[in-house]
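Report on the structure given below.
The values are calculated or read from the model by the stated rules, or taken from the named source; none is laboratory data. None of the values given here were measured: they were computed from a predicted structure. Note that each Cβ is placed from the backbone with ideal geometry, even for glycine, and that neighbours are counted across all protein chains shown.
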Amino acid sequence: MAAAGAQGRKRILKEEDMTKVEFETSEEVDVTPTFDTMGLREDLLRGIYAYGFEKPSAIQQRAIKQIIKGRDVIAQSQSGTGKTATFCVSVLQCLDIQVRETQALILAPTRELAGQIQKVLLALGDYMNVQCHACIGGTNVGEDIRKLDYGQHVVAGTPGRVFDMIRRRSLRTRAIKMLVLDEADEMLNKGFKEQIYDVYRYLPPATQVVLISATLPHEILEMTNKFMTDPIRILVKRDELTLEGIKQFFVAVEREEWKFDTLCDLYDTLTIINYDLPNNRELYIHRIGRSGRYGRKGVAINFVKNDDIRILRDIEQYYSTQIDEMPMNVADLI
Ligand code: ADP
């Protein structure tokens with residue numbers, strides 16, 4: 001009786017814990033600041049630099065190492081922070097190119113996304129002789145079968161078509177080592193959940209699972225217990241995006257209608273953009289963070305009407321940054 005009671009309590013506590021648990025980065029996650037020190041294969045490293053990447057982004061500095069170690073990984077960071085490249089680099093690193101069988105399967109919620117992933121894989125793997133196939137609905141089934149028969153190291157696809165190919169035995173799963181779920185929040189919502197489980201059931205039991213998402217609601221996090229083993233969690237928060245290296249100016253415009261003409265003038269000399277100030281502070285860094293990411297220098301110019309000055313000063317204070325009025329010789333300064 002006592003034992004049963006204790007067990008019952010334990011179960012209840014576990015459920016409570018899950019709803020209260022904050023998604024945080026696991027303790028063992030460390031930062032690898034360069035691609036050179038990630039222990040990547042030479043031909044992949046060459047592809048990364050040839051693609052124009054110089055330095056890994058925050059999520060790449062943390063997640064690639066854990067994925068290539070073979071751990072199940074849940075990685076969360078905002079869109080545009082380099083998540084796709086994170087798992088593409090990791091997948092490429094784990095391939096045995098001599099073996100022309102599917103070793104990694106990437107599932108994405110849309111055909112476009114699956115196509116983009118395939119392109120990134122092919123670009124980063126340009127020196128590796130890698131075969132990657134986008135297995136997506138709306139395309140010719142016969143062509144899919146032919147490509148898969150030829151042998152593909154990596155398949156990136158939408159769950160429906162991928163499952164179809166698995167069932168027809170065109171996509172053989174026995175050599176698959178890694179399953180990546182991109183945009184996992186979308187993927188594991190009601191519409192896709194069953195299809196993902198269908199695919200998952202065909203994969204070898206030891207398959208490593210990597211879950212990538214910009215947001216991770218609790219329902220999704222709870223679900224991960226079902227198909228992940230002691231996953232490493234990696235979260236890159238807003239604070240780690242930085243305004244360092246981005247010069248910020250404002251241009252006072254008296255009237256809304258003048259913003260456009262002023263923009264046209266600016267375009268003659270510069271590449272830039274904040275046409276309207278954003279409605280909240282997080283959006284500000286999200287927008288201008290794009291201009292200076294990955295150590296590149298960026299410039300953000302905000303068009304400010306009289307009543308916007310207050311918002312601008314609030315942003316300045318919030319991010320402890322400085323936004324000056326744009327000087328006439330701005331082109332010389334940047
Ligand atoms: P996410 O998947 O988080 O939305 P992506 O991987 O698509 O982000 O990356 C966003 C953009 O940044 C892409 O254009 C990509 O080529 C570029 N990018 C990713 N990682 C790097 C890097 N380390 N250095 C330079 N550019 C990068």
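Values computed for the structure shown
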{"quantity": "Options Leu113, Leu124; residue that is in contact (Cβ under 8 Å) with a residue 60 or more places away in the chain and touching an Asp or Glu at 6+ places or on another chain (Cβ under 7 Å)", "calculated": "Leu113"}
{"quantity": "Those helices (runs of 4 or more DSSP H) lying entirely in region 146-215 with at least 1 residues over 22 Å from the mean Cα position of the chain (by Cα)", "calculated": "159-167, 190-201"}
{"quantity": "Considering residues of region 121-139 that are surrounded by fewer than 20 Cβ atoms within 10 Å (Cβ to Cβ) and among the aliphatic types (A, V, I, L, M) only, the residue nearest to the ligand (Cβ to nearest atom)", "calculated": "Ala123"}
{"quantity": "Any chance Thr86 is in contact with a Ser or Thr (Cβ under 7 Å, 6 or more places away or on another chain), within 9 Å of the ligand (Cβ to nearest atom) and either of a type in the set (Ser, Thr, Tyr) or more than 19 Å from Ala184 (Cβ to Cβ) (or both)", "calculated": "no"}
{"quantity": "Residue that is modelled with the lowest pLDDT, among those in region 227-276 that are charged (D, E, K, R) and within 30 Å of Gln66 (Cα to Cα)", "calculated": "Asp239"}
{"quantity": "Extreme residue, nearest to Thr229 (Cα to Cα), among residues of region 198-207 that are surrounded by 15 or more Cβ atoms within 10 Å (Cβ to Cβ) and without any contact (Cβ under 8 Å) to a residue 60 or more places away in the chain", "calculated": "Thr207"}
{"quantity": "Index of the failed condition, Gln66 passing every other in (1) more than 7 Å from the ligand (Cβ to nearest atom); (2) out of contact with any strand residue (DSSP E or B) (no Cβ under 7 Å at 6 or more places or on another chain)", "calculated": "(2)"}
{"quantity": "Residue list for region 35-63, restricted to those being within 11 Å of the ligand (Cβ to nearest atom) and more than 18 Å from the chain's Cα centre (by Cα)", "calculated": "Tyr49"}
{"quantity": "Every residue from region 33-70 that is among the polar types (S, T, N, Q) and within 20 Å of Leu95 (Cβ to Cβ)", "calculated": "Gln60, Gln66"}
{"quantity": "Asp144 within 16 Å of the ligand (Cβ to nearest atom) and buried (at least 23 other Cβ atoms within 10 Å of the Cβ)", "calculated": "no"}
{"quantity": "Members of region 91-120 found to be away from the ligand (no atom under 12 Å from the Cβ) and of a type in the set (Gly, Ala, Ser), listed by number", "calculated": "Ala104, Ala114, Gly115"}
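Here is a yes/no grid of residues against (1) free of Cβ contacts under 8 Å to residues at least 60 places away in the same chain; (2) of a type in the set (Gly, Ala, Ser); (3) surrounded by fewer than 21 Cβ atoms within 10 Å (Cβ to Cβ):
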| position | (1), (2), (3) |
| --- | --- |
| Thr158 | yes, no, no |
| Met178 | no, no, no |
| Lys193 | yes, no, yes |
| Val209 | no, no, yes |
| Glu219 | yes, no, yes |
